[in-house]
Amino acid sequence: MFKYKIFIIFFSLIFLFSCGKEVEKVALIKETNQKIEMISAYKEGMNLLELGDYFSAGKKFLEAEILFPQSEWAPRSVLMASYSYYMQDYYSLAIENLKRYFQTYPKDKNMAYAHYLLAICYYDTIEGEKKDLAPLILSKKEFNYVIDNYPNTDYAYDARFKIDLINDILAAKEVYIGRHYIKKKKWIPALNRFKTVLKDYETTIHVEEAIHRLVEIYYKLGMEDESLKYASLLGYNYNSGEWYRETYKIFNKKYEFKVPKKNNEKSKILSKIKSLF
């Protein structure tokens, strides 16, 4: 009886071992088939992308991810799908897939590109200073993330350039709202808007007008010392600009800017040359 028990145990172990090998073999075959199907779907996605069928390419890349999610190609497939949707101007789909990528593949090596692509998706939905600010804020946040975490990449180089453009639009927004407050004679909110331009967007082209508006408002409020302070600042930095001339008119009502006469020497020379042909 004891030997019989030993035999049963021994047989059971052999059976289990054999089954384990068989399961492992089947798993390997299944995994190989999945990989082949995934590669095929990925290649088809690339072909569709090259043909310009971006939406179908995006779907095919996501199909590749589903076929073999544990593969190193899975996160790449999500990125390619996001890029395809971006090329189709389906920004919401691209953003949705990128957010899922960050959650599903937090250690993927292509994080720098993913954050840059997300920033570009937000950036391309910007419509100007009169529209929604959300895309501006979100794109600036992502570009700053790329600069802070991947400073030596090409993505960071372009992100710095894009942030300059974003700051210019944000400054334009402040100026636009500030002008609105001036029309409504809401002087304090207007002052705050123009001071924000000086404080946060001092490298933009809108600083000159913002300083002039501060001069204008303080003068209307009877605060001539403050008005002169900003007028001096404007004169020191932009003494040949249009807004400096407007500021000068505030203190000198009789000031007239005379446009210098054009020198016609070039046109005379050109007319002589034309006569030779």
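Values quoted throughout were computed directly from the atomic coordinates according to the rules given, and no laboratory measurement underlies them. Just so you know, these numbers come straight off a predicted model, no measurement behind them. So basically every Cβ, Gly included, is an ideal-geometry build from the backbone, and we count neighbours across all protein chains shown.
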Worksheet item: Quick one: length gained pulling E224 to Y248 fully straight, 0.36 nm per residue minus the C-alpha distance?
Response: 7.3 nm
Item to complete: Tell me the label-point distance for the pair Y157, K107, using the 7 Å Cα-to-Cβ offset, in nm and rounded to one decimal.
Response: 3.1
Item to complete: Quickly rank 135-141, 83-89, 177-183, 107-113 as a protection proxy: mean count of other C-beta atoms within 10 Å, highest first.
Response: 83-89, 135-141, 177-183, 107-113
Worksheet item: Highest mean first, what order results for 116-122, 152-158, 190-196 on Cβ atoms within 10 Å?
Response: 116-122, 190-196, 152-158
Worksheet entry | Linear extension gain, N33 paired with N47, 0.36 nm per residue minus alpha-carbon span | 2.9 nm
Discussion item. I need the calculated FRET efficiency for the pair F55 and S232, taking r as the beta carbon distance and R₀ as 41 Å, to the nearest 0.05.
Written reply: 0.10
Worksheet item: Under the Karplus relation 6.51 cos²θ - 1.76 cosθ + 1.60, θ = phi - 60°, what is the ordered set of whole-Hz ³J(HN,Hα) values for segment 190-196, x standing for Gly and Pro?
Response: 5, 4, 4, 5, 6, 5, 4
Fill in: Karplus-derived 3J(HN,Hα), 6.51/-1.76/1.60, for each residue of segment 164-170, Hz, glycine and proline x
4, 5, 5, 4, 5, 5, 5
